[in-house]
Structure formats: C-alpha cells, structure tokens
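S.K.: Below are the structure tokens for one structure; questions will follow.
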Amino acid sequence: MEIHYSAVILLVLGVAFTAYGQQPPPHIKPRYENFLNQHLGPHVNEHICDTEIRKRHITAPGTANGCKEVNTFIQVNLNDLKAVCDPEKGKPQGNNMFMSNTVYHVVTCKLRSGARHPRCTYRGRKSTRYVVLGCDGGWPVHYDEGIING
C-alpha cells in the first residue's frame with residue numbers, strides 16, 4: 001500500500017490542531033501550518049535534508065521554487081514545541097518572541113549547491129540548542145534562531 005506524503009502531512013496537521021484540545025484561530029492557522037511544515041521534525045535526521053525539504057516543498061521566502069539557504073528542523077513533540085509560547089514555560093524575549101527553557105535537538109540543513117528545486121542539495125548537521133520562536137496568540141508561527149548558550 002502506498003502512502004502519499006500529503007496524507008502524512010494532513011495527519012500531522014490534524015494531530016497538531018488537536019494539541020491541547022484546540023485549534024489556532026483562522027487568522028493564525030496558515031502561519032502555524034507553514035511553521036509546522038518547515039520546522040517540526042521529530043524524526044528528521046541530518047542525512048535526509050534533501051528528501052525532507054523536497055517532500056515538504058520548502059522554498060526560499062518569496063519564491064515558488066528557489067532553494068532555501070538554511071532550514072532548521074526541531075526534533076521535539078508538538079506539545080513541547082507549543083509550550084515554548086507559554087510565558088510560564090518559555091522565556092519571553094520581547095516582540096512576541098519566546099526562548100525555550102530547555103535545549104532541543106535540531107537538524108540544520110544548509111544549502112550545498114543548486115539554485116532552484118528540484119536541484120537543491122543540503123548538508124545536515126545535528127546539534128542541541130535553545131530555540132527562539134515567534135508566537136501569535138500562544139501558537140508558534142516563526143523559527144527565529146537557535147542559541148547554543150542560553
């Protein structure tokens with residue numbers, strides 16, 4: 001039986017929307033979905049950057065098929081990731097930015113060669129770091145950076 005990747009994404013997003021028994025408001029939902037697609041990667045490893053970025057159709061901002069220079073996948077479950085946006089569980093940084101209280105495993109994929117999909121090739125590197133997320137109404141919508149020494 002063949003499982004299409006789009007079905008898996010829909011399943012992940014379906015689980016994501018039921019986190020904490022609620023869904024993001026309609027004005028936040030598209031940014032939240034995009035954030036999850038680009039950065040939630042509990043099972044992504046440093047050897048499959050090319051495959052993941054291609055399957056998820058991750059492109060450079062403002063382009064339909066330009067190669068993104070760097071993309072980071074956070075290896076954490078959805079509830080822990082969403083908790084970063086809670087002022088009692090994440091550290092407020094100002095401007096709706098929050099830093100995780102604990103370090104997370106991340107996979108950073110850096111463009112090695114190529115300018116347009118599907119010819120993008122990436123080099124992945126695994127590390128641990130605090131993550132800084134942009135949040136809207138308690139929902140993660142932007143990966144800002146990782147901080148090695150919080």
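The values are calculated or read from the model by the stated rules, or taken from the named source; none is laboratory data. Worth saying up front: this structure is predicted, and the values here are computed from it rather than measured. Neighbour counts run over all protein chains shown; Cβ positions are idealised from the backbone, glycine included. Accessible surface is based on the protein model in full, side chains and every heavy atom, while ligands, DNA and RNA are left aside. Shrake-Rupley method; radii C 1.70, N 1.55, O 1.52, S 1.80 Å.
S.K.: Just to verify a result, which residue in the stretch 102-140, among those that are among the charged types (D, E, K, R) and closer than 25 Å to residue 51 by Cβ, is surrounded by the fewest Cβ atoms within 10 Å (Cβ to Cβ)?
M.R.: First, the residues of the stretch 102-140 that are among the charged types (D, E, K, R): 110, 112, 116, 119, 123, 125-126, 129, 136.
Then keep just the ones that are closer than 25 Å to residue 51 by Cβ; that gives 110, 112, 116, 119, 123, 125-126, 129.
Details: 110: 14, 112: 13, 116: 13, 119: 10, 123: 13, 125: 13, 126: 14, 129: 19.
That would be 119.
S.K.: Return yes when residue 57 is farther than 22 Å from residue 129 by Cβ, of a type outside the set (Lys, Arg) and in contact with a helix residue (DSSP H, G or I) (Cβ under 9 Å, 6 or more places away or on another chain) and no when it is not. Reasoning before the result, please.
M.R.: Values: farther than 22 Å from residue 129 by Cβ: yes; of a type outside the set (Lys, Arg): yes; in contact with a helix residue (DSSP H, G or I) (Cβ under 9 Å, 6 or more places away or on another chain): yes.
Yes.
S.K.: What are the pairs, 6+ residues apart or on separate chains, where a residue within the stretch 115-136 that is under 25 Å from residue 101 (Cα atoms) has its Cβ under 7 Å from a residue that is charged (D, E, K, R)?
M.R.: Taking only residues 6 or more apart or on different chains, the pairs are 124/46; 125/46; 126/46; 132/144; 132/145; 133/144; 134/144; 136/31.
S.K.: Moving on. Output the number of residues of the stretch 69-84 satisfying the condition of being open to solvent by less than 30 Å² (accessible area, probe 1.4 Å), more than 9 Å from the chain's Cα centre (by Cα) and more than 17 Å from residue 102 (Cα to Cα). Let's see the steps before the verdict.
M.R.: Here is the first cut: in the stretch 69-84, the residues open to solvent by less than 30 Å² (accessible area, probe 1.4 Å) are 71-74, 76, 78, 81-84.
If we keep only those that are more than 9 Å from the chain's Cα centre (by Cα) too, we end up with 76, 78, 81-84.
Subsequent filtering for residues that are more than 17 Å from residue 102 (Cα to Cα) retains none.
Residues in the stretch 69-84 being open to solvent by less than 30 Å² (accessible area, probe 1.4 Å), more than 9 Å from the chain's Cα centre (by Cα) and more than 17 Å from residue 102 (Cα to Cα): 0 in total.
S.K.: Taking interchain pairs and intrachain pairs at least six residues apart, which have beta carbon atoms under 6 angstrom, with the first residue in the stretch 74-101 and on the phi < 0 side of the Ramachandran plot and the second of a type in the set (Gly, Ala, Ser) and part of a helix (DSSP H, G or I)?
M.R.: Hits for this filter: 78/16; 78/19; 79/19; 82/19; 89/83.
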